[in-house]
Amino acid sequence: MIGALARMPSTLRTLGSSQVSNLIGLLIVAAALALTLQHVLQHSASLFFQILIIGIADGSIYALIALGYTMVYGIIELINFAHGDVFTLGGYFSLALFPIFGIAEGKAGFGYVIPLLIVALITMLLCGLVNITIERVAYRPLRNAPRLAPLITAIGMSSVLEGAMYLWRGPFSLHYPDLLPLTRFNIGPVNIGVKDLIVIAFAVILVVVFTLFINLSKLGKAMRATAQDRDAAQLMGIDINRTISATFFIGAALAGAGGITWGLYISSVDPFLGFITGLIAFTAAVFGGIGNIPGAALGGLLIGLIRAFSDSYFDSSWTEVLIFGILIATLVFRPTGLLGMRVPEK
Amino acid sequence: MSAQVEPPILSLQGVIKRFGGLTAVDQVSFDVPKGQVFALIGPNGAGKTTLFNCITGMHIPTAGRVVFENRDIAGTKPYRTAQLGIARTFQNIRLFEYMSALDNVKVGEHVRMKAKLWDAIFRTPFARREEREVSERAMEYLRFVGIERHADNYARNLAYGQQRRLEIARALATEPHLLLLDEPAAGFTPQEKVELMALVDKIISRGITVFLIEHDMKVVMEVSQRIVVLDHGEKIAEGPPTEVRNNPRVIEAYLGKSA
Amino acid sequence: MIRARQFLRENARNPNAIAYAVMGVGALAFPAVIQFANNGNGDYLVSLAADSGVYVLLAIGLNVVVGFAGLLDLGYAAFFAIGSYTYGMLASEQLISSPIHHAVHIPFWIALLIGMFVAAGAGALLGAPTLRLRGDYLAIVTLGFGEIVPVFFRNMRAWTSGVNGISALDVPTLPFWITGPWANAQLGIEHNFRFVSFNPTAWYVLVVILISLSVIGVNNLYRSRLGRAWMAVREDETAAAAMGVNTVNTKLLAFAIGASFSGFAGAFYGAKLSLVSPDSFGFIVSITILSMVVLGGMGNIPGAMIGALLLYSILYYFLPAAPAQASALAHSVGMDWLNQSSPNGWPGISEFIHRLQFIMFGLILVGIMLLRPQGLLPSRLRAQELKRGVHDESAVVTA
């Protein structure tokens, strides 16, 4: 029996061969789309657009988080389990900073744009510092240890962050002030809120800035070079440790921004938000193609949409199963993801 | 030389291995006669280890056949080729560093052991007897290569030469018909090389065919009965040592084209 | 006599042997000592000790996966859930509300074995497509699996009563059992013995027997062909494959065998608690067990056991008592203000200590990996591996 089960991998490997798996993938996607379409048609168009917008907004936040996962994985081939918790920290830090800048609920208005941006910048900075510390303390010393070791510290770090937030503000959901304008308007059947637009715009701006940075700046090139071939990069004079630290910093800054955005959009944060959100974002990164930056963005968007549709049109209690199913299926059948080229097989 | 009556134990037929745009092995064909020492030589980067990997299954040949004892094993997984009777050592020694020398050899015996899961969990008399036999046989292999004194030392604590011999012992424990040795004399002193050649003779006398990659020409000429020469992935010569050594193409490949 | 002497001499300084001896004697003496120390009111503690046995079993199982085979499984609680729910469905009235409309009441001893096999099967099923993934990905996949399984059980309401869980589970019965003063009865044999909650000693004895059998079985495996294969695959997978080890099978077996312990433990857990609920199998459970194995000593059976006992007692004995103790202490030192929760966020020292759990796990995991990756009671082998770079030229293998 074990033998039969052991033969499964090779069978699955044949299944995993490009043409077959692509075909199966397309069939599954087609079936899913058909099912969704059926549900969509059963309900109103305005519901559809509402879900679409939520999906895109959530998806953009997932994309911000996924970028951090994909960058770090690309450069040191390690899943930073604590990354999702850095995202949550973004929410927590900003919450702590608001009173200092006089930002509170019910005080919306243009005058608060600047303070909000300052809080955002400080939060991103703090998150970046936290992540750099994590890298220094938990990952760097173990760079040459057996692989199991940094994986365990990563999980440990995630728990430390969650535990710290748990200690700091308790196990409850914290209410995040409603600062974005609540105006909504209609474009045809689409009812969209200014809130949604701001969230999406903010994420898009960050992703664009980030993409420009990674492609045009010296540091960005160093990061890409180190990700491709660490030894060669070192020989060319790139300071590997600094580059890795920078990667962690930037990834965390993006995640922190995501945390603020989440808070503004969803209006609540809790210590364990990052755990699930992190896993979803990681799924997005893998789905889009690990190590691939446009892949992370695309993956985030798609997963956000899938989640929104699953929650609304189907049974939300099965959404988690669906998302993780996608994760496992991607890793097993198409480890390169949609756009990526890194193969996670040994 | 007496005519070969038996079919070759290993026959490569038109083997090609490409990695992306790079052709590491290009249409290589040769036969390894049974029961003799066969050597594969060539300048660095000629594709020798890649060829070994194609034989054992670590690489899947892009094209061609690898016929071992009358069956095509191209693309067979490494653990399976070991089961079929091909064992190997590695160019840069891959021992189980934190296991004892004895345990390393016992892992080699893994493939020939018969105890099932139940036997192991419940330590049945069958399992106990087999474990005893495995231990004794492992000691024998260690004695065969001359390192029985270090049976209980961690593999990583053995001297370099002892480690190479341990790798051979471990490979022998799989009871192979064909033993692939990847640069077994690398880093050896002349004395150790002599001992190695004696060991190869002992292995042959047990009926095991030895196929080795080696850089030291003296060793190759002395110990092998037939040689194949690779350069840039192509076979450029095949035959008995005297023929090969005087082959102008071979000399040119090693010395490089004169400027 | 001479052999006994020789045995003692060989093992007197072997930390593992000492650990086994201490645990063995401790296990035998514990109930009596506790009852004595508490004037016969030690039932609660004996019951707690029996519960700790569940975690010892789980740690032994996860140790096979993480410690022996070197595969990081972050969703081990899923197999625990599978074992528990298997028992729950097979030994209660639960299945009446399911599509088959017929309650199943399989005796505990058989359900134990069934649970073991079902969990092992689940392990093999999970492993088959995923074991060829590299370490991080495997870890994430197991994490995902660990999240999905309880959701499954929560959603399949007809089969599992969803959020409410399955209750009123059958208890084990035996044709006869020795009873005595510890159960407030005369020393003698009781017929048609049922394991009930007011006789925790029986549960305790049962779990000690289960643990002993497990330890013997796993030790045998460790010293067998499969155990060596696990070590070899962990050391150098390529070389192991070249020597004829079917690495995929080897890892699959680690997964399946590791999972089977959860099946075992799950059945016992369900029977003793008489309740199986989907909330008992979350990530915190998986990470607790992982912390136990890492803390105690990855790859070393007595290490995992000690890690389990240590962490369990901290979690379920010291930590719950600590808030009250701390409050009392604060009160007695005149620092009562520490006990009050204040508007600026201080939750009171009691709640504060309660909240230390998570950060404690995290610090244990990080701290151990950075300072003493081989854990408290390391296996010689793992100690060497994990401390890479420490040379001991004269080391002779004893473990």
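Would you point out which residue out of A:GLY278, A:GLY256 is in a helix (DSSP H, G or I) and touching a Cys at 6+ places or on another chain (Cβ under 6 Å)?
Details: A:GLY278 fails: touching a Cys at 6+ places or on another chain (Cβ under 6 Å).
Just one listed residue meets the conditions, A:GLY256.
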Quiz item: Taking the condition over 26 Å from C:ASN246 (Cα atoms), more than 7 Å from chain A (Cβ to nearest Cβ) and surrounded by fewer than 23 Cβ atoms within 10 Å (Cβ to Cβ), does C:ILE110 pass?
Solution: yes
Quiz item: When only residues in the stretch B:85-103 that are more than 14 Å from the chain's Cα centre (by Cα) and more than 8 Å from chain C (Cβ to nearest Cβ) count, which is surrounded by the fewest Cβ atoms within 10 Å (Cβ to Cβ)?
Solution: B:LEU102
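Which ones in the stretch A:143-167 are among the hydrophobic types (A, V, I, L, M, F, W, C) and either at the interface with another protein chain (Cβ under 7 Å from one of its Cβ atoms) or farther than 27 Å from C:VAL294 by Cα (or both)?
Restricting attention to the stretch A:143-167, the residues satisfying the condition of being among the hydrophobic types (A, V, I, L, M, F, W, C) are A:145, A:148-149, A:151-152, A:154-155, A:157, A:160-161, A:164-165, A:167.
Matches in the stretch A:143-167: A:ALA145, A:LEU148, A:ALA149, A:LEU151, A:ILE152, A:ILE155, A:MET157, A:VAL160, A:ALA164, A:LEU167.
Based on what the data block shows, is C:LEU169 in contact (Cβ under 8 Å) with a residue 40 or more places away in the chain and more than 14 Å from every other protein chain (Cβ to nearest Cβ)? Show your work before the answer.
Working: in contact (Cβ under 8 Å) with a residue 40 or more places away in the chain: yes; more than 14 Å from every other protein chain (Cβ to nearest Cβ): yes.
Yes; evaluated as a whole, the condition is true for this residue.
Going by what's in this entry, would A:VAL332 be described as touching a residue at least 40 places away in the same chain (Cβ under 8 Å) and in contact with a Pro (Cβ under 6 Å, 6 or more places away or on another chain)?
So A:VAL332 fits the description; yes.
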Quiz prompt | Options B:PHE90, B:PHE68, B:PHE96, B:PHE30: the member that is aromatic (Phe, Trp, Tyr) and farther than 28 Å from C:ASP236 by Cβ | solution = B:PHE30
Quiz prompt | Among (1) within 14 Å of another protein chain (Cβ to nearest Cβ); (2) on the phi < 0 side of the Ramachandran plot, the one test that C:GLY244 misses | solution = (2)
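Which of the helices (runs of 4 or more DSSP H) found entirely inside the stretch C:4-93 contain at least 3 residues meeting this: farther than 21 Å from C:LEU169 by Cβ and among the polar types (S, T, N, Q)? Give the derivation first.
Details: elements: C:15-37, C:43-62, C:77-90.
Once the helices (runs of 4 or more DSSP H) in the stretch C:4-93 are filtered for at least 3 residues that are farther than 21 Å from C:LEU169 by Cβ and among the polar types (S, T, N, Q), nothing remains.
Taking the stretch A:226-254 only, how many residues are among the aliphatic types (A, V, I, L, M) and surrounded by fewer than 18 Cβ atoms within 10 Å (Cβ to Cβ)?
Let us first name the residues in the stretch A:226-254 that are among the aliphatic types (A, V, I, L, M), namely A:227, A:232-233, A:235-236, A:238, A:240, A:244, A:246, A:250, A:252-254.
Now narrow it down to the ones that are surrounded by fewer than 18 Cβ atoms within 10 Å (Cβ to Cβ): A:232, A:235-236, A:240.
Residues in the stretch A:226-254 being among the aliphatic types (A, V, I, L, M) and surrounded by fewer than 18 Cβ atoms within 10 Å (Cβ to Cβ): 4 in total.
Residue by residue, here is whether (1) under 20 Å from C:PHE255 (Cα atoms); (2) part of a loop (DSSP other than H, G, I, E, B); (3) without any contact (Cβ under 8 Å) to a residue 24 or more places away in the chain holds:
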residue	(1), (2), (3)
C:PHE176	no, no, yes
C:GLN186	no, yes, yes
C:PHE193	no, no, yes
C:VAL207	no, no, no
C:SER212	no, no, yes
C:ALA232	yes, no, yes
C:ALA239	no, no, yes
Quiz item: Of the residues A:ILE56, A:ILE79, A:ILE75, A:ILE61, which is within 14 Å of chain C (Cβ to nearest Cβ) and assigned to a helix (DSSP H, G or I)?
Solution: A:ILE75
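If you go through the stretch B:63-84, how many residues are assigned to a loop (DSSP other than H, G, I, E, B) and surrounded by fewer than 16 Cβ atoms within 10 Å (Cβ to Cβ)?
Kept after step one, since they are assigned to a loop (DSSP other than H, G, I, E, B), are these residues of the stretch B:63-84: B:69-70, B:73-77.
Restricting the remaining residues to those that are surrounded by fewer than 16 Cβ atoms within 10 Å (Cβ to Cβ) gives B:70, B:75.
Number satisfying all stated conditions: 2.
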Quiz item: Listed residues A:PHE282, A:PHE333; which is within 13 Å of chain C (Cβ to nearest Cβ) and modelled with pLDDT under 90?
Solution: A:PHE333
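Filter the helices (runs of 4 or more DSSP H) completely within the stretch C:285-399 down to those with at least 3 residues that are at pLDDT 85 or above.
Passing ranges, in order: C:301-313, C:356-371.
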Self-check item: Selection count, the stretch A:74-107, where residues are in contact with a Pro (Cβ under 6 Å, 6 or more places away or on another chain) and crowded, with 21+ Cβ neighbours inside 10 Å
Solution: 0
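Any chance you could count how many residues in the stretch B:104-119 are of a type in the set (Lys, Arg) and buried (at least 19 other Cβ atoms within 10 Å of the Cβ)? Write out each step before concluding.
Taking the stretch B:104-119 as the starting set, the residues that turn out to be of a type in the set (Lys, Arg) are B:106, B:112, B:114, B:116.
From the residues that got through so far, the ones that are buried (at least 19 other Cβ atoms within 10 Å of the Cβ) too are B:106.
Qualifying residue count, the stretch B:104-119: 1.
Considering only the stretch A:182-199, I want to know if a residue exists there that is of a type in the set (D, E, K, R) and either free of Cβ contacts under 8 Å to residues at least 40 places away in the same chain or within 7 Å of chain C (Cβ to nearest Cβ) (or both).
Within the stretch A:182-199 (the criterion being of a type in the set (D, E, K, R) and either free of Cβ contacts under 8 Å to residues at least 40 places away in the same chain or within 7 Å of chain C (Cβ to nearest Cβ) (or both)), the answer is yes, since at least one residue qualifies.
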Practice problem: May I ask you to say which residue of A:LEU97, A:LEU129, A:LEU167, A:LEU179 is touching a helix residue (DSSP H, G or I) at 6+ places or on another chain (Cβ under 8 Å), hydrophobic (A, V, I, L, M, F, W, C), under 20 Å from A:GLY263 (Cβ atoms) and part of a loop (DSSP other than H, G, I, E, B)? | Solution: A:LEU179
Exercise. With a cut-off of at least 1 residues that are surrounded by 14 or more Cβ atoms within 10 Å (Cβ to Cβ) and of a type in the set (Gly, Ala, Ser), name the helices (runs of 4 or more DSSP H) lying wholly within the stretch B:171-259.
Key: B:248-255
Self-check item: Matching residues in the stretch C:121-148 - criterion: being more than 17 Å from C:VAL66 (Cβ to Cβ), more than 7 Å from chain A (Cβ to nearest Cβ) and buried (at least 24 other Cβ atoms within 10 Å of the Cβ)
Solution: C:ALA122
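The values are calculated or read from the model by the stated rules, or taken from the named source; none is laboratory data. Quick caveat, the model's predicted, so the values are computed rather than measured. Don't worry about glycine lacking a Cβ; one is built from the backbone with ideal geometry, like all the others, and counts go over all protein chains shown.
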